[in-house]
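Just dropping this structure here.
The values are calculated or read from the model by the stated rules, or taken from the named source; none is laboratory data. What you are looking at is a predicted structure, and each value in this text was computed from that prediction instead of being measured. When we count neighbours, we look across all protein chains shown, and the Cβ atoms used for this are built from the backbone with ideal geometry, even at glycine. In case anyone asks, the SASA skips ligands and DNA or RNA and just uses the protein heavy atoms, side chains included. Shrake-Rupley method; radii C 1.70, N 1.55, O 1.52, S 1.80 Å.
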There are 2 protein chains.
Amino acid sequence: MSRPQEFDTPEALRQAMEVFWRQGYEGTSLTDLLAATGLSKSSLYATFGSKRDLFLAAFDAYRQARARDAHRLLQQQPAREAIYAFFHSLFANVNTDQPALGCMSINQAVELAPHDPQVRERVVQDLHQLEEVLTPAIARGQQDGSLTSPRPARELARLLVLAFPGLQVMARAGYSSQELDEALRLLFTHLDS
Amino acid sequence: MSRPQEFDTPEALRQAMEVFWRQGYEGTSLTDLLAATGLSKSSLYATFGSKRDLFLAAFDAYRQARARDAHRLLQQQPAREAIYAFFHSLFANVNTDQPALGCMSINQAVELAPHDPQVRERVVQDLHQLEEVLTPAIARGQQDGSLTSPRPARELARLLVLAFPGLQVMARAGYSSQELDEALRLLFTHLDS
DNA sequence: CTTTTTCTGGACCGATGAGTCCTAAATATT
DNA sequence: AATATTTAGGACTCATCGGTCCAGAAAAAG
């Protein structure tokens with residue numbers, strides 16, 4: 001019937017997400033978004049509404065993708081390696097051409113959450129979910145013997161959630177992959193003994 | 001000889017700092033700065049140069065003030081209480097009219113550091129300095145018996161530095177004073193045993 | 001009181017912000 | 001091939017951005 005859409009909507013959303021991820025909300029202009037997606041202004045507005053709508057959609061796409069990643073990575077055996085791989089993925093793109101992106105939820109906790117309830121709600125939910133997904137993984141590690149701390153799994157999960165933004169901040173501040181890995185290993189020593 | 005300046009330059013800088021602290025660099029407009037300082041545009045530019053110059057000056061003012069606070073707070077006895085008070089000051093203004101500001105250095109690690117070398121340099125320096133100032137405080141706590149962990153003080157300091165942004169993120173995300181305190185207490189259990 | 005100096009307020013600037021809208025191109029259907 | 005429909009591009013608007021500049025007010029010095 002009508003002319004078909006020439007661009008891939010989910011792909012465009014993914015590209016917009018990356019710009020927001022890297023530059024934040026205020027730091028991203030419409031021009032940036034058009035360049036990243038390759039869309040025309042009218043296509044972008046027709047498809048996604050406003051800049052803010054697009055941001056929220058991109059943020060939610062990020063959160064879903066991360067939740068999937070977490071679920072996948074945390075299934076490895078033994079559990080210790082699974083958790084380690086999960087945290088390592090946070091700064092996987094360090095030492096590439098681009099500076100590290102860190103975690104978009106943490107970025108948004110800093111940028112928009114303080115004065116934007118819709119963003120704050122998402123950030124809080126993400127932190128809770130992180131605890132919820134780490135707790136059983138840690139418990140599993142205690143059972144399979146790869147984690148030897150006798151503390152309650154939830155307590156250890158809370159420690160990891162607390163340290164999570166620290167790794168992200170170090171990544172964003174330009175710490176090397178080695179330094180980040182060292183910090184991560186130090187953190188992991190607190191899951192033992 | 002000439003007409004004296006009517007405003008207090010350090011006070012104006014302090015007020016500008018607070019706006020940048022709360023809203024970030026991109027989120028703060030010239031209009032915001034004029035309203036906060038009460039200066040006229042010409043006075044502001046004559047005194048501080050550009051928006052970016054003012055930001056860097058405000059950032060450095062913040063860092064100095066924080067370094068002084070840290071030095072002061074960490075002298076308390078016993079050392080455990082000193083460190084506790086220091087971390088507690090991070091979210092001291094929670095539960096007031098304004099949302100928590102967190103730590104400006106951490107905010108800037110997220111916002112500007114990835115693409116601004118001058119800011120990154122400062123952030124990295126702040127993180128290092130935090131470790132440097134916490135290490136002797138922890139060692140002191142191990143000597144006075146208020147901290148019982150047998151780990152090297154520097155290792156424990158690194159754990160605290162790693163957790164520091166986590167507390168800040170929770171504060172910015174709107175967690176209550178109770179929740180933050182709970183997280184802080186959990187963290188402190190890792191300085192014992 | 002006059003002069004000199006410097007501060008203050010606001011008009012003004014070009015650039016860019018987000019967002020609207022109209023025109024023309026392109027394709028699926030008939 | 002003609003038509004119907006929806007796309008894409010870009011001109012356009014209005015507000016705000018950071019920043020400049022000028023004219024007048026105010027105060028210290030003589």
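Name every residue in the stretch B:29-43 that is more than 6 Å from DNA strand D (Cβ to nearest atom), free of Cβ contacts under 8 Å to residues at least 24 places away in the same chain and more than 14 Å from chain A (Cβ to nearest Cβ), in order of residue number.
Result: B:LEU33, B:LEU34, B:ALA35, B:ALA36, B:SER40.
Being modelled with pLDDT under 95 and either open to solvent by 30 Å² or more (accessible area, probe 1.4 Å) or within 11 Å of DNA strand C (Cβ to nearest atom) (or both): is that true of A:GLU11 here?
Here the answer is yes, as A:GLU11 does meet what is asked.
If I filter the stretch A:1-19 for residues that are within 16 Å of DNA strand D (Cβ to nearest atom), within 13 Å of chain B (Cβ to nearest Cβ) and of a type outside the set (Asp, Glu), do I get at least one hit?
There is no residue in the stretch A:1-19 that is within 16 Å of DNA strand D (Cβ to nearest atom), within 13 Å of chain B (Cβ to nearest Cβ) and of a type outside the set (Asp, Glu).
This table checks each residue for (1) facing chain A (nearest Cβ under 7 Å); (2) assigned to a helix (DSSP H, G or I).
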site	(1), (2)
B:HIS88	no, yes
B:GLN98	no, no
B:ASP126	no, yes
B:ALA157	no, yes
B:LEU162	yes, yes
B:LEU187	yes, yes
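If you take the residues in the stretch A:14-28 that are in a loop (DSSP other than H, G, I, E, B) and touching a residue at least 40 places away in the same chain (Cβ under 8 Å), which one is surrounded by the most Cβ atoms within 10 Å (Cβ to Cβ)?
This residue is A:GLY24.
I'm checking my understanding of the structure. Among residues of the stretch B:143-153 that are surrounded by 16 or more Cβ atoms within 10 Å (Cβ to Cβ) and in contact (Cβ under 8 Å) with a residue 12 or more places away in the chain, which one is nearest to the other protein chains (Cβ to nearest Cβ)?
Only one residue tops the list, namely B:SER149.
Can you pull out the residues in the stretch B:164-179 that are farther than 18 Å from A:VAL119 by Cβ, at pLDDT below 95 and under 18 Å from the mean Cα position of the chain (by Cα)?
Result: B:SER177, single match.
Among the residues of the stretch A:15-25, are any over 20 Å from A:LEU112 (Cβ atoms) and more than 9 Å from DNA strand C (Cβ to nearest atom)?
yes
Another one. Within the stretch A:117-124, is even one residue under 23 Å from B:ARG151 (Cβ atoms) and of a type outside the set (Val, Ile, Thr)?
no
Give me a count of the residues in the stretch B:48-65 that are within 14 Å of DNA strand C (Cβ to nearest atom) and part of a helix (DSSP H, G or I).
Final tally of qualifying residues: 2.
Mind checking which residues of the stretch A:31-47 are within 11 Å of DNA strand C (Cβ to nearest atom) and either surrounded by 15 or more Cβ atoms within 10 Å (Cβ to Cβ) or not assigned by TED's automatic domain parsing to the domain that holds A:VAL19 (or both)?
Within the stretch A:31-47, A:ASP32, A:LEU33, A:LEU34, A:SER43, A:LEU44, A:TYR45 qualify.
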